[in-house]
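Here's the structure, in structure tokens; my notes come after.
The values are calculated or read from the model by the stated rules, or taken from the named source; none is laboratory data. None of the values given here were measured: they were computed from a predicted structure. Cβ: placed from backbone, ideal geometry, glycine included. Neighbour counts: every protein chain shown.
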Amino acid sequence: MQIPCTVLVSTLFAVAAHAGYLGVPAHHALDYYAYPKYSFDYAVKDAHTGDAKSQWETRDGDVVKGEYSLVEPDGSVRIVEYSSDKHNGFNAIVKKVGHASHPSTLAAAPFGHNHGGYSSGGAFGYYG
């Protein structure tokens, strides 16, 4: 009977770790819980594409606070402030800053006029 190589290597690795050969004493249990604490932020402002956004967030234990913003396609800015903890759950406040600007629409072309490569024959493609 052949044992697959990956099973054999995994088994040997587990035995070595348990015996203390990988730098962890065999009599100490590993503590996989680390207190969650971090902070980050970033911002993007690309003049070529018009992409503009930012975000920051902090976490200390079970409390998370942050904010992000982005420019919407209509030109307004969406700002979301959020927080989360075990007592209040997740809460977000969404704000929209600025006025939406939409391009003016073009009037629809009259039916049957040679638009889109079809001759004036209506919807049935009469080419007379």
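Please verify whether HIS28 is loosely packed, with under 14 Cβ neighbours inside 10 Å and modelled with pLDDT of 90 or more, treating the condition exactly as stated. No, not satisfied. Taking the condition at pLDDT 95 or above and touching a Lys or Arg at 6+ places or on another chain (Cβ under 7 Å), does SER69 pass? When the stated conditions are applied, SER69 passes them. Taking only pairs six or more apart or across chains, which ones have beta-carbon atoms under 6 Å, a first residue in the stretch 41-60 that is in a loop (DSSP other than H, G, I, E, B), and a second residue that is surrounded by 10 or more Cβ atoms within 10 Å (Cβ to Cβ)? Here the result reads ASP51/VAL44, each pair linking the stretch 41-60 to a residue that is surrounded by 10 or more Cβ atoms within 10 Å (Cβ to Cβ).
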